[in-house]
Amino acid sequence: MLKVYQENPHHRVIQKTVEVLKKGGIIIYPTDTTYGLGADINNKKAIERILQLKHESKFKALSFICSEFSELTDYVQIDNHAFKLMKRCLPGPFTFVLPAKRLVPKLMLSKQKTAGIRVPDDAFCKQLVQELGHPIVSTSLPSPEGEILNDPHEIFDLYHKRVDLIIEAGFLDSEPSTVVDLTEGDPIILREGKGDVNKLY
């Protein structure tokens, strides 16, 4: 387990985390909302490990994190309406569901060929993606009772034998991102979370 200060992350922690991701490892890391499970989006075996850990179907979509808004168009289709709406909200605590492009691994697609994308307002996440050179898979941590895990010591006890690295930043917000479907034009809120829904309208 490595300690990180999210506002001013030490480059050594970024480098170590990138080394683990490039080797196909899976990590637990802090975002601007909660702790998440992460992997290199280009590593199929790592994504499969996350799906096994969550006991999810292969058709259950996973989201991923980009460091910049400009990266999103490589992975998802964004029309003008969605572009303007997302610019108001990102970076920030939102997950947007959009039609996926070919760069998104099939394991991460929903049955509707959509994918969830995030651009967190978080220096650690941004620098981590930049250092890796492409997006990182992001999904919530499953817990025995189904609640959000925000205590790094509890996370360590549950997961240190099942993941390759845990990045801890102390207690985090227990509120997940707001999930918004933009595939039909007008925003459809799938889950109301930390992101202010008033920004969508």
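The values are calculated or read from the model by the stated rules, or taken from the named source; none is laboratory data. Just so we're clear, the structure is a prediction, and the values are computed from it rather than from any experiment. With ideal geometry, Cβ positions are generated from the backbone for all residues, glycine too; neighbour counts draw on all protein chains shown.
When ARG102, ARG88 are checked against the criterion of being surrounded by fewer than 17 Cβ atoms within 10 Å (Cβ to Cβ) and part of a loop (DSSP other than H, G, I, E, B), ARG102 stands alone in meeting it. Within region 1-16, residues that are at pLDDT 90 or above reach partners that are of a type in the set (D, E, K, R) and in a helix (DSSP H, G or I) with beta carbons closer than 9 Å, at six or more positions or on different chains, in the pairs LEU2/ARG12; LEU2/LYS16; HIS11/GLU131; ILE14/GLU131; GLN15/GLU131. Checked against the criterion of being under 15 Å from the mean Cα position of the chain (by Cα) and among the hydrophobic types (A, V, I, L, M, F, W, C), the candidates VAL163, VAL179, VAL197 yield just one match: VAL179.
The set of residues from region 1-49 being among the charged types (D, E, K, R), touching a helix residue (DSSP H, G or I) at 6+ places or on another chain (Cβ under 7 Å) and farther than 15 Å from THR139 by Cα comprises GLU7, LYS44.
Being touching a helix residue (DSSP H, G or I) at 6+ places or on another chain (Cβ under 6 Å), under 26 Å from LEU172 (Cα atoms) and without any contact (Cβ under 8 Å) to a residue 40 or more places away in the chain is a property that does not hold for LEU62.
Scanning region 1-47 for residues that are in a strand (DSSP E or B) and among the acidic types (Asp, Glu) returns a single hit, ASP40.
One line per residue, one yes/no per condition, for (1) of a type in the set (Val, Ile, Thr); (2) without any contact (Cβ under 8 Å) to a residue 24 or more places away in the chain; (3) surrounded by 15 or more Cβ atoms within 10 Å (Cβ to Cβ):
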site	(1), (2), (3)
HIS134	no, no, yes
GLY146	no, yes, no
ASN150	no, no, yes
LEU158	no, yes, yes
GLY170	no, yes, no
PRO187	no, no, yes
LYS194	no, no, yes
ASN198	no, yes, no
TYR201	no, yes, no
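The set of residues in region 16-39 that are among the small types (Gly, Ala, Ser), over 15 Å from the mean Cα position of the chain (by Cα) and under 21 Å from ASP157 (Cα atoms) contains only GLY25.
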